1. Give L224, L220 a once-over and let me know the one that is crowded, with 17+ Cβ neighbours inside 10 Å and in contact with a Leu (Cβ under 9 Å, 6 or more places away or on another chain).
2. Scan the range 190-206 for residues that are surrounded by 11 or more Cβ atoms within 10 Å (Cβ to Cβ) and either closer than 30 Å to L8 by Cα or free of Cβ contacts under 8 Å to residues at least 24 places away in the same chain (or both) and jot them down.
3. Determine which single condition A218 fails, assuming it passes every other condition in (1) in a helix (DSSP H, G or I); (2) under 22 Å from L112 (Cα atoms); (3) among the hydrophobic types (A, V, I, L, M, F, W, C).
4. Does at least one position in the range 192-211 carry a residue that is touching a strand residue (DSSP E or B) at 6+ places or on another chain (Cβ under 9 Å), under 21 Å from Q128 (Cβ atoms) and not assigned by TED's automatic domain parsing to the domain that holds G262?
5. Just checking, which of G187, G162 is surrounded by 16 or more Cβ atoms within 10 Å (Cβ to Cβ) and either at positive phi or among the basic types (K, R) (or both)?
6. Suppose the filter is touching a Phe, Trp or Tyr at 6+ places or on another chain (Cβ under 9 Å) and farther than 20 Å from S178 by Cα; does L158 pass it?
7. Please go through the range 147-179 and give me each residue that is in a loop (DSSP other than H, G, I, E, B), among the charged types (D, E, K, R) and free of Cβ contacts under 8 Å to residues at least 60 places away in the same chain, ordered by number.
Amino acid sequence: MLFYGSCLRGGDPFDGLVDLYLVVDDYRCVNQGRSRALWNRLLPPNVFYTEVPIDGRTLRCKYAVISAAQLRKACSRRWYHSYFWGRFSQPTAIAWARDDATHARTRDSLALAIHTFLERTLPCVKVQGDIESLWREALRLSYGAELRPESDARASELARSGREWYLAVTRLVQPALSLPLEVDTQGYYRLQVSANRRRRCRAAWALRTAQGKLLSVARLLKALFTFDGALDYAAWKLERHSGQRIEVPARVRRYPLIFIWGLFWDLYRRGIFR
C-alpha cells in the first residue's frame with residue numbers, strides 16, 4: 001500500500017482526501033467482475049473510494065489499484081507517458097507491505113520511477129541552476145501532460161516544499177543517469193546536453209501532452225463504470241482546486257456518455273482544468 005499526495009506532505013490524513021495505491025498480484029482479486037479487471041489491465045489504474053471512522057472522525061481515502069508487474073513496467077522507460085513515473089518520482093511512502101521481499105521490490109520500482117523521470121525531463125530543463133528549479137521545470141512537464149485542475153503554481157509548491165527530498169534522490173540516481181549531471185554541496189546543478197537531444201526531448205513531451213489529454217478523457221469515461229460516485233468525486237476535487245462551485249446536471253447522471261461532453265467542455269472553457 002503506497003501513500004502519496006497532499007495528505008502525506010501536510011502530515012494530517014484528516015485534512016482532505018488520502019491518496020493511496022494498492023499494489024496487487026492480480027486484478028481479479030480486487031475487481032468485481034471480469035470487465036472491471038480487464039479495464040484495470042488495459043487502462044490502469046481503477047479507482048475506488050472508502051471512508052473509515054476513527055475516534056469520532058472520518059478518514060476519507062481514494063485508492064487506485066495496479067498490479068506489481070504493471071507498476072514495475074509503468075515506472076520504467078518502457079512506459080512512454082508520465083502518468084505513473086511522474087507521480088511516483090514525488091515523495092511516496094510504503095505504508096504497508098506483506099513481507100520484506102514485497103517491500104524491497106516496491107522500493108526498487110519507486111527508485112526506477114525517479115530515474116525514468118529525470119532521464120526524460122533533464123534534456124528539457126535549464127543547463128544550470130538549483131535543484132528546486134530543476135524539479136519545478138520537470139514537474140511542469142509532467143503536470144502539463146494531463147488534464148489537471150491545478151495551476152502552474154502547483155509544480156513550484158511541490159518543488160519548494162520537498163526541496164531536501166528531491167536533492168537527496170537526485171544525488172542517489174545521479175551515477176546511473178545517461179546525461180552528465182553535477183550537483184554540488186549547496187544543491188546547485190550543472191548539466192551537459194546536446195542541442196539535438198534537447199530537440200528530441202521537447203518533441204517527445206509535445207507528443208506526451210497530446211497523448212495525456214486523450215488518456216485523461218479515457219480514464220474519466222472508464223471511471224463512470226468502474227468508480228462508484230465518480231462524478232461526485234470529480235466535482236469535489238475540481239471545486240477544491242479551483243474554488244468554483246460545480247454542479248453535475250441530472251441528465252449527465254442519467255446518460256453520462258451522451259451529456260458529459262457538454263459539461264466537460266464547459267469546465268475546460270471556464271479554466272477549471274487545463
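The values are calculated or read from the model by the stated rules, or taken from the named source; none is laboratory data. Bear in mind the structure is a predicted one, so any value in this text is a computation, not a measurement. Don't worry about glycine lacking a Cβ; one is built from the backbone with ideal geometry, like all the others, and counts go over all protein chains shown.
1. Working: L224 fails: crowded, with 17+ Cβ neighbours inside 10 Å.
L220 is the lone residue from the list that is crowded, with 17+ Cβ neighbours inside 10 Å and in contact with a Leu (Cβ under 9 Å, 6 or more places away or on another chain).
2. Selection gives R199, W205, A206.
3. Evaluating A218 over (1) in a helix (DSSP H, G or I); (2) under 22 Å from L112 (Cα atoms); (3) among the hydrophobic types (A, V, I, L, M, F, W, C) leaves (2) as the failure.
4. Scanning the range 192-211, I find at least one residue that is touching a strand residue (DSSP E or B) at 6+ places or on another chain (Cβ under 9 Å), under 21 Å from Q128 (Cβ atoms) and not assigned by TED's automatic domain parsing to the domain that holds G262, so the answer is yes.
5. Details: G162 fails: either at positive phi or among the basic types (K, R) (or both).
Result: G187 is the single residue among G187, G162 that is surrounded by 16 or more Cβ atoms within 10 Å (Cβ to Cβ) and either at positive phi or among the basic types (K, R) (or both).
6. Numbers: touching a Phe, Trp or Tyr at 6+ places or on another chain (Cβ under 9 Å): yes; farther than 20 Å from S178 by Cα: yes.
Yes, satisfied.
7. Narrowing the range 147-179 to residues in a loop (DSSP other than H, G, I, E, B): 147-152, 162, 177-179.
Next cut, among the charged types (D, E, K, R) only: 148, 150, 152.
Within the range 147-179, D152 is the sole residue that qualifies.
Residue-by-condition table, conditions (1) closer than 26 Å to L214 by Cα; (2) touching a Leu at 6+ places or on another chain (Cβ under 6 Å); (3) modelled with pLDDT of 95 or more:
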position: Y49; (1), (2), (3): yes, no, no
position: V65; (1), (2), (3): yes, yes, yes
position: A68; (1), (2), (3): yes, no, yes
position: S76; (1), (2), (3): yes, yes, yes
position: Y80; (1), (2), (3): yes, no, yes
position: G86; (1), (2), (3): yes, no, yes
position: S89; (1), (2), (3): yes, no, yes
